[in-house]
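**Q** So that we are looking at the same thing, I have put the structure below in structure tokens.
Nothing in this text is a laboratory measurement; each read-out follows from the coordinates by a stated rule. Because the structure is a prediction, the values reported are computed rather than measured. Note that each Cβ is placed from the backbone with ideal geometry, even for glycine, and that neighbours are counted across all protein chains shown.
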Amino acid sequence: MIAAIVLAAGAATRFGEPKQRLLLPRVLERLETANVDEIVVVTGAHPLDMEGARSVACPDWELGPGASLRCGLAACGAEIEAAVVCLADGPNLAPQAVDRVLAAWRDGARDVVAAGYGGERGHPVVLGRPAWGSVPDEGMRALPAALVPCDDLGSPGDVDRPEDLA
């Protein structure tokens, strides 16, 4: 079984308001059409109302995205083989990118597989269960990953400020 973990715990200070409330519904809609068995949303700075996903509050969210990810992974049952990590501020996530990185992971690429856009690492990222114990506070970027080209699908986006929505 595969879980999607959506990191939505940040304070969104650069955006000026809880951007997760605006962007998360679109990310969840896109994940609902991907090949995942459950969706877990990690919250922290702001409470969020959502449908179609399980919410997990992370009391240590201020330590960084790795702390939030560890909370999401800890909420997964023993039946979960891998987690697809997405960001709540990536509203253009392509469900096909999720499926593509999962396929590479299933084919044995490695325990950490990430979508690549123009040769740069992006989201989604698949973490096989053996990688779960090595998540640093700064997040998975600190660990090497196999890159799966997803240029043709378009980047999921990274909305930090209101002008990033344009």
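Each row is one residue, and each column tells you yes or no for (1) in contact (Cβ under 8 Å) with a residue 60 or more places away in the chain; (2) surrounded by fewer than 21 Cβ atoms within 10 Å (Cβ to Cβ).
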position: Ala8; (1), (2): yes, no
position: Ala11; (1), (2): no, yes
position: Gly16; (1), (2): yes, yes
position: Val41; (1), (2): no, no
position: Cys58; (1), (2): no, no
position: Glu62; (1), (2): no, yes
position: Gly66; (1), (2): yes, yes
position: Leu69; (1), (2): yes, no
position: Gly72; (1), (2): yes, no
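**Q** Something else: For the range 107-166, how many residues meet the condition of being under 15 Å from the mean Cα position of the chain (by Cα), in a loop (DSSP other than H, G, I, E, B) and either among the hydrophobic types (A, V, I, L, M, F, W, C) or under 21 Å from Glu79 (Cα atoms) (or both)?
**A** The total comes to 3.
**Q** In the range 74-94, what residues are under 30 Å from Asp164 (Cα atoms) and crowded, with 17+ Cβ neighbours inside 10 Å?
**A** Answer for the range 74-94, where residues must be under 30 Å from Asp164 (Cα atoms) and crowded, with 17+ Cβ neighbours inside 10 Å: Ala83, Val84, Val85, Cys86, Leu87, Ala88, Asp89, Gly90, Pro91, Leu93, Ala94.
**Q** Kindly list the number of the only condition in (1) touching a Phe, Trp or Tyr at 6+ places or on another chain (Cβ under 6 Å); (2) closer than 23 Å to His46 by Cα; (3) surrounded by fewer than 21 Cβ atoms within 10 Å (Cβ to Cβ) that fails for Asp158.
**A** The single condition Asp158 does not satisfy is (1).
**Q** Taking the range 95-120, which residues are without any contact (Cβ under 8 Å) to a residue 40 or more places away in the chain, of a type in the set (D, E, K, R) and surrounded by 17 or more Cβ atoms within 10 Å (Cβ to Cβ)?
**A** Listed by number, the list holds a single entry, Asp111.
**Q** Next question. Among (1) among the polar types (S, T, N, Q); (2) in contact with an Asp or Glu (Cβ under 7 Å, 6 or more places away or on another chain); (3) part of a strand (DSSP E or B), which single condition is Asn35 missing?
**A** Condition (3) is where Asn35 drops out.
**Q** While we're on this one: Quick test of your reading of the structure: Glu79 fulfils all but one of (1) closer than 22 Å to Asp137 by Cα; (2) among the charged types (D, E, K, R); (3) part of a loop (DSSP other than H, G, I, E, B). Name the failing condition by number.
**A** All conditions are met except number (1).
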